[in-house]
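Step one of this worksheet: look at the structure below.
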Amino acid sequence: MERIYADNAATTRISDEVLAAMTPFLKENFANPSSYHSAGREVRAAIEIARKKIASVISCEADEIYFTSGGSESDSWAIMGAARLSGAKKHIITSKTEHHAVLNTLKSLEKDGFEITYLDVDRMGFVSPEALEKAIRRDTALITVMFANNETGAVQPTDEIGRIAKKHGVIFHTDAVQAFGHLPVNVKGSNIDMLSFSGHKFNAPKGAGGLYVKRGIVLPNLIYGGNQENGRRGGTENAAAIVGMGTAAEIAAKEMETESVRLKKLREKLLCGLSAGIDGCVRNTPDKNSLPGIANVSIPFAEGEALVLMLDIKGITASSGSACMSGSKKPSHVLTAMGLDEKTAHGAVRFSFDRYTTEKDIDTILNVFPDIAKKLRDLSRL
Ligand SMILES: *Cc1c(COP(=O)(O)O)cnc(C)c1O
């Protein structure tokens, strides 16, 4: 049985081109990039080329990109760093639908005396810029609102948030892990001060990501060590993964326009087909202002976990929310914040796509899922 992988919001496979670009740095080009010999300088040069490629995707300078181990580290670094820079300011604004890398970092700051405002979202998961502006106080140190949501694909009004943050002189960080390489991002145009990204969400390997930090913000270290990353994040670089991430970023930028049109068409085909084929199917992904590759639906009265298991048996890999929440009995904090009742939030399934997803995959899901959904819904209604 040929399996269909529809869990790309959890992680993606490495593109063939990316693996090819990485291989020399796992074999012959293994030297330490901080070494002065020519072998080391060659690896250093490749890392700096990757940095330029990544910077160009979000329209910043190469020296504003700091490589990290991934999205969680970048989120932690940005938030903990901003908190340490904040002096007497002890207030942070975020949304209720953030990734746990953000929410749990903020929770740790609450224990240190910070006060956090968690903004509500509307029925489709969007924060209100007006509510955000009203929440700003004289002691607000940071606004951290994600670019795009990993469960539903909702894209926040980042331009407006950036404008408001700038107007009030508050640092603005955004978790753009789902958006980077999938949506146009311009950090200068959107007044973003810090932005997190992660390679394995755009067909690069796991364990490599980064943080954009606007020039002028001197973020305190999260990791101490050598002089790597401008002395701000010590540790010998994962050169192969960084080079792979550079290649993946370049491909993503080149394919972004055509891929987003293609994936959005596939997503709408799936969502329309599911609404037509399953009575009471609820759409959790906004049709506008959303990631092209995420389709989240709820089957009220069915269990998301059971739906995912049945899909798995039929050869389809999907998810019942975010990977980090799987195994938990609580319904998704994102769907709950959107106002879904418990029976609907529990019945959520997320299908997420990438450059390797085909129309045939969508057709197979459409053939298989409605029967599973009806069976499980009717079972639990009994
Ligand atoms: C996956 C993800 C993260 C975590 O990234 P890692 O590289 O796995 O640490 C953070 N935020 C969002 C929105 C994500 O989707």
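The values are calculated or read from the model by the stated rules, or taken from the named source; none is laboratory data. The structure presented is a predicted model; accordingly, all values stated were derived computationally and were not measured. Neighbour counts are summed over all protein chains in view; Cβ atoms, including those assigned to glycine, are modelled from backbone coordinates with ideal geometry.
Scanning the stretch 256-298 for residues that are polar (S, T, N, Q) and more than 19 Å from residue 185 (Cα to Cα) yields a count of 5. Residue pairs whose Cβ atoms lie under 6 Å apart, sitting 6 or more positions apart in sequence or on different chains, and linking a residue in the stretch 64-87 that is in the same structural domain as residue 47 (by TED's automatic domain parsing) to a partner that is surrounded by 22 or more Cβ atoms within 10 Å (Cβ to Cβ) and assigned to a loop (DSSP other than H, G, I, E, B), are 71/177.
The residues of the stretch 103-154 that are of a type in the set (D, E, K, R), within 16 Å of the ligand (Cβ to nearest atom) and either part of a helix (DSSP H, G or I) or over 18 Å from the mean Cα position of the chain (by Cα) (or both) amount to a single one, 107.
Filtering the stretch 92-110 to residues that are surrounded by fewer than 19 Cβ atoms within 10 Å (Cβ to Cβ) and under 20 Å from residue 164 (Cα atoms) leaves only 96. Selection of the stretch 228-244 for residues being touching a residue at least 24 places away in the same chain (Cβ under 8 Å), under 13 Å from residue 66 (Cβ atoms) and assigned to a helix (DSSP H, G or I) yields 229, 230, 242. Is there a residue being among the small types (Gly, Ala, Ser), under 15 Å from residue 61 (Cα atoms) and either within 15 Å of the ligand (Cβ to nearest atom) or in the same structural domain as residue 24 (by TED's automatic domain parsing) (or both) anywhere in the stretch 228-236? Checked against the condition, which is being among the small types (Gly, Ala, Ser), under 15 Å from residue 61 (Cα atoms) and either within 15 Å of the ligand (Cβ to nearest atom) or in the same structural domain as residue 24 (by TED's automatic domain parsing) (or both), the stretch 228-236 yields no hits at all.
You will find that of 161, 143, 171, the residue that is touching a residue at least 12 places away in the same chain (Cβ under 8 Å) and in contact with an Asp or Glu (Cβ under 7 Å, 6 or more places away or on another chain) is 171 and no other. Exactly one residue out of 165, 208 is more than 30 Å from residue 255 (Cα to Cα), crowded, with 22+ Cβ neighbours inside 10 Å and out of contact with any Leu (no Cβ under 8 Å at 6 or more places or on another chain), and it is 165.
Considering (1) surrounded by fewer than 24 Cβ atoms within 10 Å (Cβ to Cβ); (2) in contact (Cβ under 8 Å) with a residue 12 or more places away in the chain, the lone condition that residue 216 does not fulfil carries the number (2). Are any of the residues in the stretch 16-32 within 21 Å of the chain's Cα centre (by Cα) and in contact (Cβ under 8 Å) with a residue 24 or more places away in the chain? Within the stretch 16-32, one or more residues are within 21 Å of the chain's Cα centre (by Cα) and in contact (Cβ under 8 Å) with a residue 24 or more places away in the chain.
The helices (runs of 4 or more DSSP H) falling completely within the stretch 1-89 include none with 3 or more residues that are closer than 30 Å to residue 313 by Cα and within 15 Å of the ligand (Cβ to nearest atom).
Considering 163, 137, the condition of being over 23 Å from residue 184 (Cβ atoms) and basic (Lys, Arg) is satisfied by 137 alone. Taking first residues from the stretch 89-114 that are touching a residue at least 60 places away in the same chain (Cβ under 8 Å) and over 16 Å from residue 149 (Cα atoms) and partners that are part of a helix (DSSP H, G or I) and within 15 Å of the ligand (Cβ to nearest atom), no Cβ contact under 8 Å between residues at least 6 apart in sequence or on separate chains turns up. For the stretch 276-283, state whether one or more residues are free of Cβ contacts under 8 Å to residues at least 24 places away in the same chain and within 18 Å of residue 370 (Cβ to Cβ). Checked against the condition, which is being free of Cβ contacts under 8 Å to residues at least 24 places away in the same chain and within 18 Å of residue 370 (Cβ to Cβ), the stretch 276-283 yields at least one hit. Of the residues in the stretch 206-222, at least one is out of contact with any helix residue (DSSP H, G or I) (no Cβ under 9 Å at 6 or more places or on another chain) and away from the ligand (no atom under 13 Å from the Cβ).
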